[in-house]
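Nothing in this text is a laboratory measurement; each read-out follows from the coordinates by a stated rule. Just so it is clear, the model here is predicted, and its values are computed rather than measured. We place every Cβ from the backbone using ideal geometry, glycine too, and count neighbours over all the protein chains shown.
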Amino acid sequence: MNGHPKDSPEVRLGKTLSWLLRHGAQSEKIEMRPDGYVRVSDILASRKFQGVDFAAIEQVVKNNNKQRYKMVKELDPKAPTNEEVWWIRANQGHSIKALNVDMQKIMSASDIPTGIAVHGTSRQAWNTIAKKGLSKMSRNHIHLAQGVPGSGVISGMRALSQVLIYIDIQKALDAGIPFFLSDNGVVLTPGNAKGLLEPQFFRRVERVEGVRRVALPEWGDNPDPEFEGLERKAEQIVESMAAGNTDAPALEPIQSESTPSKSSIVGAEEPELVNKTEKLSV
């Protein structure tokens, strides 16, 4: 099992499952559908999952507060009888190429329910990111959240991010950069031809100081009424959802007709720490 020896069995199982579904299915010789799903039975038969049963995997999916995974019960075309089996996938974060994981294409910044797309990273990484931009690195996409940690957003950012990079989605779209919404509401982009989302598309950058967020000079330290309006809108959406208002805009896109819908257990993903490197002084 992956993870630290001191991790609980459930945490180690979750880390191993995440690795397998995002990166390791091919090396483990586990068949993966074009949409990223694998048979749960194939996972249970794998040497890495010896001693694990279906209930343990189901528990990891249900308990994952970032909704990294999704399970569905569907027909298996290779089964000798017309039989339904359980399938599981990671909602995003893949390095496996040629996958067609179900995503909603963003045509306009208004397609993002909160109107916000932000990437959290470390202070150490920021110097390089400020010069070169965000990189998808070995993954298929750069990950952006619809809000900051603590605002009720399910996934897309590490809770301990030290620097917050807000993206001007409309400007990037107009420049031909594609964006998508994952099944659990994370905003994804492959970036440009080099896999980068360049600094010209950074709308605002903030340093996190405890509970305070301070805009960095030259990266949005001037008043921006439109940005402030988006933040208020995002907060209102989250508050409305927390209050049980079913009319509030969902933070997750509606599934397309091609998305399996039978007996689904939803559950999904943390973003990468994008670039490592030099020391930062902010």
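General remarks:
- Filter on Lys15/Lys62; Lys29/Lys66; Lys105/Lys131 - keep pairs with C-alpha separation over 19 Å: Lys29/Lys66; Lys105/Lys131
- Stretching the chain fully between Arg33 and Gln59 yields a gain of 7.1 nm (0.36 nm per residue, less the alpha carbon separation).
- Average Cα contact separation per residue, segment 1-95, under 8 Å, 6 or more apart, as relative contact order %: 28
- Normalised by 2.2 N^0.38 Å, where N is the number of residues, the alpha-carbon radius of gyration of segment 9-90 equals 1.04.
- Karplus-derived HN-Hα couplings along segment 103-118 (A = 6.51, B = -1.76, C = 1.60, θ = phi - 60°), whole Hz, x at Gly and Pro: 9, 9, 6, 8, 9, 8, 4, 5, 6, 8, x, 8, x, 10, 9, 9
- Distance between the modelled labels on Gln200 and Gln170, one decimal in nanometres: 1.8 nm (7 Å Cα→Cβ projection).
- Treating r as the C-beta distance of Met137 and Leu44 and R0 as 30 Å, the FRET efficiency rounds to 0.45.
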